Every structure is written in C-alpha cells, then in structure tokens.
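Below: the structure, in structure tokens.
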Amino acid sequence: MSKSEKNMKKIIHFSALVSGICIFALMAMTMWDIIGRRLFSSSVPGVYELSSLGLVVISFLAMGLAQIEGENVGVTMFYDRMKPKAKAISDFGISILCIGLFTVVVKQTIEFALRMNGTNQVTPVLHIPLQPFIYAAAVGMIVLILGFILDLMKSMRDLKGDGTDV
C-alpha cells in the first residue's frame, strides 16, 4: 500500500471518528433532554434542531468509511457470477462513474452554500446558521470520493493481476 493510500485511509478514518463523536454527543444530548423532561418537566430547547443538524454531519462524514469497508448496500446478483477480471473492469467503471458523479455533487453543494451566504438562513429556535452544515456535507462527499479513489486503485491492481489489497 502506497503512502498516498495510507494518507487517504487516515483522512477517511478521521472523518468517521468525527462522525462517531457527533453520534456520542447526540446520544448524550438526547439522554439529557429525556432526563430533564421526566425529572424536571423541562426540555432542552433546540434538541430537535441539533439532532437534525447532527445527523447531517454524522451521515456525510461516515460515508467514506462505509465505502472502503464495503458496507454499502449493493445488488450483486450478476456481480457474484463474474470472473475476477470482469469484476475488476466493472469495479473500475463504477469507481470512475462515482468519482465523476460525486465531484459534480460536491461542486453543486459548495455553490449552493456560497449562494446561501448572503441569505442568513438560520434554524428557528437556536438561530444556528445552516451554511456550515452544508459545507460539512460537501466535506463528507469529498471523503467519499477518496474512498472511490481507493477502490479505483484496487481495481487497477486487480486488472494488472497484482493481488495486494488496499
């Protein structure tokens, strides 16, 4: 495994770590809100907003790890019957397609966030700006693109016949 592949994996794992920290924070906040409602008859204001925004961060930042671990849902009815070279060609094409698709989506997401800069859109209760969460989604998709690049490198090795794994 090359140094660039190791660095990409470190970035993906760091992104997943941030996602995990957000999951823990949301869990603690929700637990605190439930305890407050039950014991003190008082809810924490904005829990619904923070949960919604936290789910954006969690979802997008964890996508890269799901990709490199092969945990994304796939229908493999035909794929499982393919020969190794055909699988490598298929993986290569799918990786190229996904890299291209998500590059366009990242570009559009960043342009959307830039257009929102002047609008001052905030959440209704806590008045949290929405732009940082749109940028977090873009960062998560960039991390996902790194996962597709790792898959592309693996499929190129499989096409060459080199059996080393990424």
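When the listed pairs 10/154; 10/83; 107/160 are checked against a 24 Å cut-off, the alpha-carbon distance exceeds it for 10/83; 107/160. In this structure, residue 1 and residue 49 have a Cβ-Cβ separation that, at R0 = 41 Å, corresponds to a calculated FRET efficiency of about 0.50. Using alpha carbons only, the radius of gyration of the range 3-160 set against its Kirkwood radius gives Rg/Rh = 1.10.
Peptides 133-139, 112-118 ranked from most to least packed, by the mean per-residue count of other Cβ atoms within 10 Å: 133-139, 112-118. Estimated from the Cβ-Cβ distance and a Förster radius of 35 angstrom, the FRET efficiency linking residue 28 and residue 82 is about 0.15.
Helical content alone sets the calculated 222 nm signal of the chain at -27000 deg cm²/dmol, taking -39,500 (n - 2.57) per DSSP H segment of four or more residues and averaging over every residue.
Long hydrophobic helices in the chain, taken as whole DSSP H segments with a C-alpha length of 20 Å or more on their own axis and mean Kyte-Doolittle hydropathy at least 1.6: 47-68.
Quick note: the coordinates plus some simple rules give every number you see, no bench work behind them. Just so we're clear, the structure is a prediction, and the values are computed from it rather than from any experiment. Every residue, glycine among them, receives a Cβ derived from its backbone with ideal geometry; neighbour counts consider all protein chains shown.
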